Amino acid sequence: MTEEKKFYLTKEGLEKIKNEYKSLKELKLAKTRGESPKVLQSEDLNPEYLIFQEDVSFLESRISEIDSIIKSATLIKFPRKEKQNIVDLGATISVEVGGQTDEFTLVGSLEANPSAGKISNESPVGMALLGHRIGEAVVVSSPIQTTYKIKKIKYRTS
Amino acid sequence: MKDVLNFLIEVGKLKRNKRKGWVINQIKDPESIAEHVFRAAILGWVLGRKKKGINLEKLIKIALVHDLCEIYAGDTTPYDSILPKNKKKLKELMKTWPRFSDAKKERIAASKYKRERKGLEKLIAKLPSDLKSEIRNIWLDYEKKLTPEGRFFHQADRMENFLQAYEYWEKRKNPPLVPWWLWAREFFDDDVLLEFLTVLEKRFHRRKKR
């Protein structure tokens, strides 16, 4: 069962999950008919599909999981050009923190992966940065006070 | 059964393999990977109970499986690509949180995944096929955050790591906690784990005053 919450997804994230859903549904249908699914013959095969091919219950639970995600998904839309100097969901932000430079993209919880530079809008730092502009210094305390100085904000599709 | 025996003997190695993060922080007699897994499972279970709709059996299995890949892939830390050989420089580095470009972060994450997936496949290669796919699927759930259980444990695992860092700091004032707090506020977004972090923070303030 999925948590009852809204999933904010980037355009790429939503496309990716919709493609996975389509492929897994195709896989399930082919398995029901006893056919060899096209998705397994594809050259850019996602190796995880082979696992779903082996394990039907895992395949079904993943399909149901994606179904709930798509139903409660909200697409992240970039703000109008004149508002692109303000941090919002989907922004890639360059900051100066503790004398070092860092860069991360603000995404919804589902796509968050801090070790790959994607920070959740529900994390304390994500929440603190939202709504701030280039040049502003955002102080995040609790328990150690740290200042994130916003150097650049970009809205880009990957 | 012979292959299961061999598998369990390999798994036992995690009882002796020390966690690299503590080794580079020069913590004396640091915990093993298996010790981390044990409390991560307990933490996942007791805090997971507060999450609506979480399958606790699945969650505990994810906890038990998530670091099996490290038998062959080894433990990794965010500092690995910039570790100096000089002990003094190393100590200084541990006072900061390593910052990389987005591209470098993605390269590090991709290489870690590849190495760990290979390690897991090696470990489970000779297991009966149903057990092999169960372990692989559980691990993938954790790695790719495929289900609410996988997503929750992904953060619960790091919370255990943070708790251990905190305990070492409380006893020995090492590792330096500043980078840990910095990282935690960027990493955690789960409501239950953020509530737990607040409780830990209050304890930190009390101890700091002493």
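Among the residues making up the stretch A:70-102, those that are in contact with a Gly (Cβ under 9 Å, 6 or more places away or on another chain) and free of Cβ contacts under 8 Å to residues at least 40 places away in the same chain are A:Lys77, A:Asp102.
When residues in the stretch B:130-181 are screened for being part of a loop (DSSP other than H, G, I, E, B) and either more than 18 Å from the chain's Cα centre (by Cα) or farther than 22 Å from B:Arg115 by Cα (or both), 6 of them pass. Here B:Val46 meets each of (1) within 20 Å of B:Leu163 (Cβ to Cβ); (2) surrounded by 17 or more Cβ atoms within 10 Å (Cβ to Cβ) with one exception, condition (2). Within the stretch A:130-158, being of a type in the set (A, V, I, L, M, F, W, C), out of contact with any Ser or Thr (no Cβ under 6 Å at 6 or more places or on another chain) and more than 10 Å from every other protein chain (Cβ to nearest Cβ) holds for A:Leu130, A:Ile134, A:Val138, A:Ile150, A:Ile153. Yes or no: the stretch B:78-88 includes at least one residue that is away from chain A (no Cβ under 14 Å), over 26 Å from B:Leu146 (Cβ atoms) and part of a helix (DSSP H, G or I). Checked against the condition, which is being away from chain A (no Cβ under 14 Å), over 26 Å from B:Leu146 (Cβ atoms) and part of a helix (DSSP H, G or I), the stretch B:78-88 yields at least one hit. All conditions but one from (1) surrounded by 14 or more Cβ atoms within 10 Å (Cβ to Cβ); (2) assigned to a helix (DSSP H, G or I) apply to B:Lys114; the one that does not is (1). When the test is whether a residue is under 15 Å from B:Arg158 (Cα atoms), touching a helix residue (DSSP H, G or I) at 6+ places or on another chain (Cβ under 9 Å) and not charged (D, E, K, R), B:Gly48 passes it.
Hey, does the stretch A:101-115 have a residue that's among the charged types (D, E, K, R), facing chain B (nearest Cβ under 10 Å) and under 14 Å from the mean Cα position of the chain (by Cα)?
Yes: one or more hits.
The single condition among (1) more than 11 Å from chain A (Cβ to nearest Cβ); (2) within 20 Å of B:Ala34 (Cβ to Cβ) that B:Glu143 does not satisfy is (1).
FYI, it's all coordinate maths here, none of it is from the lab. All values reported here derive from a predicted model rather than from experimental measurement. Virtual Cβ from ideal backbone geometry, glycine too; neighbours counted across all protein chains shown.
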